[in-house]
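Some notes on the structure that comes next.
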Amino acid sequence: QHLTALRDLLTYRIHELEAEVHAAALQRASEAGAVDTGTVSDRKEEADAEQRAELQSQSEQLTAAALADCRAALKRLDEGVYGDCRDCGEPIPLARLMVQPQAERCAPCQAEFEGARRIAA
């Protein structure tokens with residue numbers, strides 16, 4: 001019963017993320033298709049546009065990563081290994097999976113993983 005609810009959560013999240021990816025692609029196409037009408041822009045406007053583009057790119061990368069995580073979680077569910085911590089092998093608590101169904105680590109292992117990444121960076 002819990003696995004069905006978690007599958008539904010993952011499926012719903014995948015649809016949300018796919019919609020975000022589609023909307024971002026439409027926005028990029030719209031911006032790329034916009035013709036410059038000869039308006040004068042200054043360095044500040046150019047810098048603002050570059051910053052918006054960079055933020056949009058980062059947002060799209062995060063969305064793509066979240067989508068991949070959700071799809072990987074569904075694959076683990078299909079393979080019968082969903083809910084086991086990737087690092088220690090112990091079951092991930094249901095409460096954590098209900099909040100973050102794509103989680104592949106228990107909270108202590110996730111904290112250790114993130115700490116190691118911060119040190120490496």
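The values are calculated or read from the model by the stated rules, or taken from the named source; none is laboratory data. All values reported here derive from a predicted model rather than from experimental measurement. Quick note on the areas: whole protein, heavy atoms, side chains included, nothing else; ligands and nucleic acids left out. Shrake-Rupley method; radii C 1.70, N 1.55, O 1.52, S 1.80 Å.
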- Would you mind checking which residues have amide H under 5 Å from D84's amide H? H placed 1.01 Å from N; only 5 or more apart, or other chain. I92
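Using a 1.4 angstrom probe on heavy atoms only, work out the carbon and sulfur share of the accessible area of the chain in %.
Heavy-atom surface of the chain belonging to carbon and sulfur, 1.4 Å probe: 55 percent.
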- Task: Could you check which residue among L94, L17, L74 shows the biggest mean-square fluctuation in a GNM of the chain with a 10 Å Cα cutoff?
- Result: L94
- What is the chain's relative contact order, in percent, from Cα pairs under 8 angstrom and six or more apart in sequence? 28 percent
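Over the chain, average the accessible area per residue using a 1.4 Å probe and give it in Å², no decimals.
Counting only protein heavy atoms, the per-residue value for the chain is 73 Å².
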- Message: Among [x] 15.2, 49; [y] 23.2, 86; [z] 19.7, 62, only one was calculated for this model; which label is it, if the read-out is Rg and Dmax of the Cα atoms in Å?
- Response: [z]
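Using helices alone, I'd like the mean residue ellipticity at 222 nm for the chain: each DSSP H run of four-plus residues gives -39500 (n - 2.57), total over residue count, nearest 500.
Values: 4 runs with 89 residues, N = 121.
Taking each H run of at least 4 residues, the total per residue is -25500 deg cm²/dmol.
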